[in-house]
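The values are calculated or read from the model by the stated rules, or taken from the named source; none is laboratory data. Predicted model only: the values in this text are computed from it and were never measured. A quick note on method: Cβ atoms are made from the backbone with ideal geometry, for glycine too, and the neighbour counts reach across all protein chains shown.
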Number of protein chains: 2
Amino acid sequence: MSIFQENLENTLQKTQEAFVEIQTYPIARRIQLMRTIADEIEALGPELIETARAESNLPEARLTGEKGRTIFQWRSYADAVEKGYSFDASIDTANPDRTPPKPDIRKTNVALGPVAVFGASNFPFAFSTAGGDTASAIAAGCPVVVKAHPGHPKTSQLMADAISRGVEKSGYPKGIFSHIFCETNEEAQALISHPVIKAVGFTGSNRGGLALVEIASKRPEPIPVFAEMGSINPVFLLPEKIETAAAALAKQYAGSLTLGVGQFCTNPGLVIGVESSALEEFENVLNEEIAKALPAPMLNAGIAKGYQTNREKVIGLSGVTVLSVATAEAAEGQGAATVATVSGVDFLINEDLQTEVFGPFALIVKCKSADEMFSVTEKLHGQLTATLLATAGDLGANAELVALIQNKCGRIIFNNFPTGVEVCKSMHHGGPVPSSSNAQYTSVGPDAIKRFTRPLSFQNWPDEFLPEELKNANPLGIWRTVDNEVVKGAIGF
Amino acid sequence: MSIFQENLENTLQKTQEAFVEIQTYPIARRIQLMRTIADEIEALGPELIETARAESNLPEARLTGEKGRTIFQWRSYADAVEKGYSFDASIDTANPDRTPPKPDIRKTNVALGPVAVFGASNFPFAFSTAGGDTASAIAAGCPVVVKAHPGHPKTSQLMADAISRGVEKSGYPKGIFSHIFCETNEEAQALISHPVIKAVGFTGSNRGGLALVEIASKRPEPIPVFAEMGSINPVFLLPEKIETAAAALAKQYAGSLTLGVGQFCTNPGLVIGVESSALEEFENVLNEEIAKALPAPMLNAGIAKGYQTNREKVIGLSGVTVLSVATAEAAEGQGAATVATVSGVDFLINEDLQTEVFGPFALIVKCKSADEMFSVTEKLHGQLTATLLATAGDLGANAELVALIQNKCGRIIFNNFPTGVEVCKSMHHGGPVPSSSNAQYTSVGPDAIKRFTRPLSFQNWPDEFLPEELKNANPLGIWRTVDNEVVKGAIGF
């Protein structure tokens with residue numbers, strides 16, 4: 001057994017012990033723990049931002065905002081637990097007079113068990129060590145083992161230390177949160193393959209996510225992998241809208257495309273429109289905007305190199321023409337905004353044109369007709385988001401296209417841009433395969449908690465031994481479904 | 001292309017067209033369709049029961065009850081859609097004054113797409129052609145293609161005809177429901193592999209379910225499989241309870257074990273207790289009850305043969321002793337109730353003792369101590385149900401064991417028996433692997449609808465084009481989460 005494996009065994013033994021221990025804790029303690037962790041992250045001083053800047057090249061304002069978002073995730077997920085949303089508590093009371101007698105059945109969502117979290121490079125705070133996956137797993141009542149992202153190890157350690165202080169101050173067992181560094185893919189595989197681990201959260205590339213899905217499915221006891229893998233987030237230009245606002249739309253679109261050097265899983269990397277003079281105007285203005293865009297350092301050298309490689313790959317495909325490249329020369333490690341065009345016919349015959357180019361790159365698909373636009377849409381893979389730049393009239397006149405687009409994505413946007421993923425209960429961040437491994441769950445917003453739970457029904461269970469959320473008196477004061485009605489009251493009083 | 005494949009292509013083209021068509025229908029029509037189908041099933045005369053009796057050997061009373069349950073599923077799932085539970089509708093209103101402006105985000109659950117349903121042999125009505133999977137997929141807004149179960153083809157056809165009449169009377173496109181017969185595994189595989197199909201519902205054996213999971217995961221676009229595969233449903237005898245009621249418990253247990261010739265996925269095929277004079281008394285009374293049990297015809301010759309084979313296999317394992325066999329001789333095709341015992345130590349070292357013997361067979365695991373009982377429980381695979389025959393005092397004194405059992409099952413039962421799965425909102429029928437392929441979803445009760453949906457968020461979407469359940473006016477009058485509060489009112493009024 002290697003030193004890594006020995007350490008992993010020790011870590012996961014403590015993880016499992018912590019899981020047994022915390023299942024006896026009241027919900028109020030879990031909420032308190034999450035709020036304490038949020039406070040500890042908030043208390044992290046300038047060192048956090050400095051460290052993250054050095055490791056990720058992200059600017060201070062962005063990192064400060066992301067820190068706030070991370071704290072908000074912990075607090076708002078704690079609020080969601082307090083409101084009881086993640087339990088979906090439901091009670092069907094007994095009816096002893098029925099033939100056969102109807103038992104008392106009550107259902108809540110319980111913790112799946114210890115969760116392995118694989119953070120993202122592009123959000124060193126909000127989707128990494130102390131990010132949404134960790135916060136939602138803890139909110140679900142699961143211990144967490146984070147595999148630290150190699151792109152920002154010091155940042156991750158600062159965050160891990162903050163969580164550990166929160167754990168200690170709240171009197172939780174240390175094993176509820178562990179932070180490990182893996183040197184090789186085999187080490188990461190050992191983590192996912194371990195029988196103690198019951199679910200995986202992942203944010204990153206398609207290749208990485210699918211590899212985890214495969215490992216998890218081949219375990220003697222397969223486990224779910226919630227992998228958010230990114231997409232090309234098509235933007236549809238509908239005729240009435242573009243006719244009236246081509247220039248303004250092009251400027252707004254350029255802003256969304258180049259935001260954060262295009263390093264978002266919701267970056268709108270594909271534009272689909274029908275050939276017209278308005279589309280030409282959109283292209284011309286976009287060309288000017290892209291030409292002006294200043295190249296900026298990407299997250300790390302590997303990502304900058306990947307951007308170059310994938311960009312060249314797509315540009316080299318049959319029928320692709322470069323429309324615009326940022327004029328200022330990109331230094332080593334920087335990404336230069338680039339837009340290319342391709343015809344609808346060429347797009348239809350080559351799925352490689354749907355390759356995600358992680359960075360400020362977009363492909364405009366120029367269709368000959370509305371019918372061709374429909375065909376192009378039919379060909380699209382699953383997407384996290386789809387954006388319609390349209391008038392209400394456009395929506396009405398293109399009902400079939402709009403319905404088709406809805407079947408392809410997890411979030412559909414009207415005259416707004418997909419970058420900027422709101423952390424709220426109504427957010428769904430997770431689209432059909434291959435944008436995520438499981439389209440039925442979100443990785444952003446408090447509903448992300450449900451990824452790490454499963455329902456458990458109690459039949460004729462004595463009230464004193466029921467979980468708090470199912471007790472007659474409703475001590476948590478939460479909304480529950482009782483005999484098919486949504487109520488907040490106690491039962492049998 | 002074979003005739004089967006050609007027919008399948010034609011069928012699935014109509015399925016896809018129907019999916020596009022019905023997405024434009026109002027929810028009220030879907031509810032009306034379900035109620036009309038329920039009426040058509042109710043209207044089926046004695047021919048249905050006669051046909052099912054001949055094909056399944058199930059007695060008239062059981063089939064009459066199962067017909068009622070099937071109708072209840074269609075009606076109660078329609079009620080659940082009417083109440084809006086399957087949508088989980090959530091709205092976060094905009095805040096234009098925030099920096100950056102907060103968009104309007106609204107989320108509902110939309111149909112996954114066409115669903116392939118594989119029915120069960122043991123419930124020719126309630127979990128077959130017109131069973132829970134079909135009803136919940138239609139309730140979710142998905143067209144259905146049922147692969148008819150070869151064990152009861154005529155029964156299935158009668159049910160399919162009833163559904164088709166309901167579809168026609170409701171003015172729905174025929175393609176919303178198709179019923180196909182497969183001669184070979186390859187034909188069933190062609191159905192699951194077809195790109196039109198977006199999810200699979202299955203009730204049956206572990207081997208069958210896992211085969212479908214594998215096919216579905218290897219598609220270019222993997223799809224979810226909701227396979228309910230059965231389990232051995234452990235019954236825990238806790239000391240205080242058995243001390244006071246061994247004889248009565250043994251009689252009740254024998255009734256549950258032999259009900260329907262043990263042909264339920266919730267049949268309690270494993271008993272776990274600690275050696276004591278009370279356990280001896282339980283065994284003695286159980287022995288008498290089993291000896292008296294009359295052998296009865298099983299569903300078909302294949303199942304009767306499988307029962308014999310698996311029973312002999314488990315009885316032949318190291319350390320297993322037969323306690324009791326029904327005295328009356330079992331004729332060809334009948335199953336004779338059988339109970340065997342094994343020590344805790346033997347159980348711990350041989351996972352084959354957890355083989356499901358589909359039929360009236362039970363294994364009693366006799367542990368030397370409470371510690372050994374805990375170890376045996378740790379070894380258990382995932383289960384649909386677990387039953388505790390216990391006093392409240394037993395629950396209090398065995399908190400760790402009870403917590404462990406909860407982690408192993410989808411439904412936990414106190415002094416009641418697992419057979420008889422209540423169709424209600426609070427039911428969870430689906431336990432950890434291998435009892436089902438996805439512990440996060442139930443296959444019984446209206447929450448089963450959610451298996452065939454996925455969330456979709458609308459950002460800044462014009463009210464007139466939103467789905468009914470998300471419109472400002474709340475025309476469906478359903479409960480929704482609006483800005484983190486559960487309310488029934490309209491928005492902006």
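Have a look at B:Arg69, B:Arg53 and point out the one that is assigned by TED's automatic domain parsing to the domain that holds B:Gly171 and under 29 Å from A:Ile91 (Cα atoms).
Of the residues listed, the single one that is assigned by TED's automatic domain parsing to the domain that holds B:Gly171 and under 29 Å from A:Ile91 (Cα atoms) is B:Arg69.
Return the residue satisfying two criteria in turn: it lies in the range B:298-318 and is free of Cβ contacts under 8 Å to residues at least 40 places away in the same chain and of a type in the set (D, E, K, R), and of such residues it is farthest from B:Gly335 (Cα to Cα).
Residue satisfying both the conditions and the ranking: B:Glu312.
For the range B:18-30, state whether one or more residues are among the acidic types (Asp, Glu) and either in contact with an Asp or Glu (Cβ under 8 Å, 6 or more places away or on another chain) or closer than 30 Å to B:Gly333 by Cα (or both).
Within the range B:18-30 (the criterion being among the acidic types (Asp, Glu) and either in contact with an Asp or Glu (Cβ under 8 Å, 6 or more places away or on another chain) or closer than 30 Å to B:Gly333 by Cα (or both)), the answer is no, since none of the residues qualifies.
Pick from the range B:193-213 the residues that are within 20 Å of B:Val20 (Cα to Cα) and crowded, with 18+ Cβ neighbours inside 10 Å: which of them is nearest to the chain's Cα centre (by Cα)?
Restricting to residues being within 20 Å of B:Val20 (Cα to Cα) and crowded, with 18+ Cβ neighbours inside 10 Å, the top hit is B:Val200.
Does the range A:108-116 include one or more residues that are under 13 Å from the mean Cα position of the chain (by Cα), within 15 Å of A:Ala227 (Cα to Cα) and in contact (Cβ under 8 Å) with a residue 40 or more places away in the chain?
No, because not a single residue in the range A:108-116 is under 13 Å from the mean Cα position of the chain (by Cα), within 15 Å of A:Ala227 (Cα to Cα) and in contact (Cβ under 8 Å) with a residue 40 or more places away in the chain.
Quick one: which residue in A:Glu378, A:Glu372, A:Glu356 is more than 8 Å from every other protein chain (Cβ to nearest Cβ), in a helix (DSSP H, G or I), acidic (Asp, Glu) and under 30 Å from B:Phe452 (Cβ atoms)?
A:Glu378
Here are some residues: A:Gly260, A:Gly319, A:Gly255, A:Gly273. Which one is in contact with a Leu (Cβ under 9 Å, 6 or more places away or on another chain) and closer than 20 Å to A:Val421 by Cα?
A:Gly260
Could you check how many residues of the range A:31-53 are without any contact (Cβ under 8 Å) to a residue 12 or more places away in the chain and surrounded by fewer than 16 Cβ atoms within 10 Å (Cβ to Cβ)?
Selection size over the range A:31-53: 3.
Out of A:Pro475, A:Pro462, A:Pro432, I need the residue that is closer than 20 Å to A:Ala28 by Cα and at pLDDT 95 or above. Which one?
Step by step, each of A:Pro475, A:Pro462, A:Pro432 is checked, and only A:Pro475 is closer than 20 Å to A:Ala28 by Cα and at pLDDT 95 or above.
With A:Gln16, A:Gln73 as the choices, which residue is away from chain B (no Cβ under 12 Å) and of a type in the set (S, T, N, Q)?
Exactly one of A:Gln16, A:Gln73 is away from chain B (no Cβ under 12 Å) and of a type in the set (S, T, N, Q), namely A:Gln73.
What number goes with the only condition from (1) free of Cβ contacts under 8 Å to residues at least 12 places away in the same chain; (2) polar (S, T, N, Q); (3) touching a Ser or Thr at 6+ places or on another chain (Cβ under 8 Å) that B:Thr99 does not pass?
(3)
Just one of (1) within 27 Å of A:Gly273 (Cα to Cα); (2) more than 19 Å from the chain's Cα centre (by Cα); (3) facing chain B (nearest Cβ under 10 Å) trips up A:Thr385, so point out which.
Of everything listed in (1) within 27 Å of A:Gly273 (Cα to Cα); (2) more than 19 Å from the chain's Cα centre (by Cα); (3) facing chain B (nearest Cβ under 10 Å), A:Thr385 misses just condition (2).
Output the residues belonging to the range A:106-165 that are within 27 Å of A:Glu221 (Cα to Cα) and assigned to a helix (DSSP H, G or I).
A:Gly132, A:Asp133, A:Thr134, A:Ala135, A:Ser136, A:Ala137, A:Ile138, A:Ala139
Filter the range A:451-471 for residues that are more than 8 Å from chain B (Cβ to nearest Cβ) and surrounded by 15 or more Cβ atoms within 10 Å (Cβ to Cβ) and give the result.
A:Arg451, A:Phe452, A:Leu466, A:Pro467, A:Glu468, A:Glu469, A:Leu470, A:Lys471
Among the listed residues B:Val271, B:Val225, which satisfies the condition of being touching a strand residue (DSSP E or B) at 6+ places or on another chain (Cβ under 7 Å), β-branched (Val, Ile, Thr) and not assigned by TED's automatic domain parsing to the domain that holds B:Pro143?
B:Val271
Evaluate the following for B:Thr24: is it modelled with pLDDT under 95 and either outside the structural domain of B:Ile105 (by TED's automatic domain parsing) or within 30 Å of B:Lys107 (Cβ to Cβ) (or both)?
Yes; evaluated as a whole, the condition is true for this residue.
If I go through the range B:428-481 residue by residue, how many of them are more than 21 Å from B:Ile215 (Cα to Cα), of a type in the set (D, E, K, R) and either under 23 Å from the mean Cα position of the chain (by Cα) or not in a helix (DSSP H, G or I) (or both)?
5
Please determine whether any residue of the range B:404-427 is more than 8 Å from chain A (Cβ to nearest Cβ) and of a type in the set (Ser, Thr, Tyr).
Yes; the residues of the range B:404-427 include at least one that is more than 8 Å from chain A (Cβ to nearest Cβ) and of a type in the set (Ser, Thr, Tyr).
Filter the range B:291-329 for residues that are in a helix (DSSP H, G or I), of a type in the set (Val, Ile, Thr) and out of contact with any Asp or Glu (no Cβ under 8 Å at 6 or more places or on another chain) and give the result.
Of everything in the range B:291-329, those that are in a helix (DSSP H, G or I), of a type in the set (Val, Ile, Thr) and out of contact with any Asp or Glu (no Cβ under 8 Å at 6 or more places or on another chain) turn out to be B:Ile303, B:Thr309, B:Ile315.
Quick check on B:Ala190: is it buried (at least 20 other Cβ atoms within 10 Å of the Cβ), modelled with pLDDT of 95 or more and not β-branched (Val, Ile, Thr)?
Judged against the criteria, B:Ala190 is not a match.
What single numbered condition from (1) surrounded by fewer than 23 Cβ atoms within 10 Å (Cβ to Cβ); (2) without any contact (Cβ under 8 Å) to a residue 24 or more places away in the chain fails to hold for A:Phe417?
(2)
Could you list, in sequence order, all residues of the range A:472-493 that are farther than 26 Å from A:Thr442 by Cα and surrounded by 18 or more Cβ atoms within 10 Å (Cβ to Cβ)?
Once the filter is applied, which keeps residues that are farther than 26 Å from A:Thr442 by Cα and surrounded by 18 or more Cβ atoms within 10 Å (Cβ to Cβ), the range A:472-493 yields A:Asn474, A:Val482, A:Ile491.
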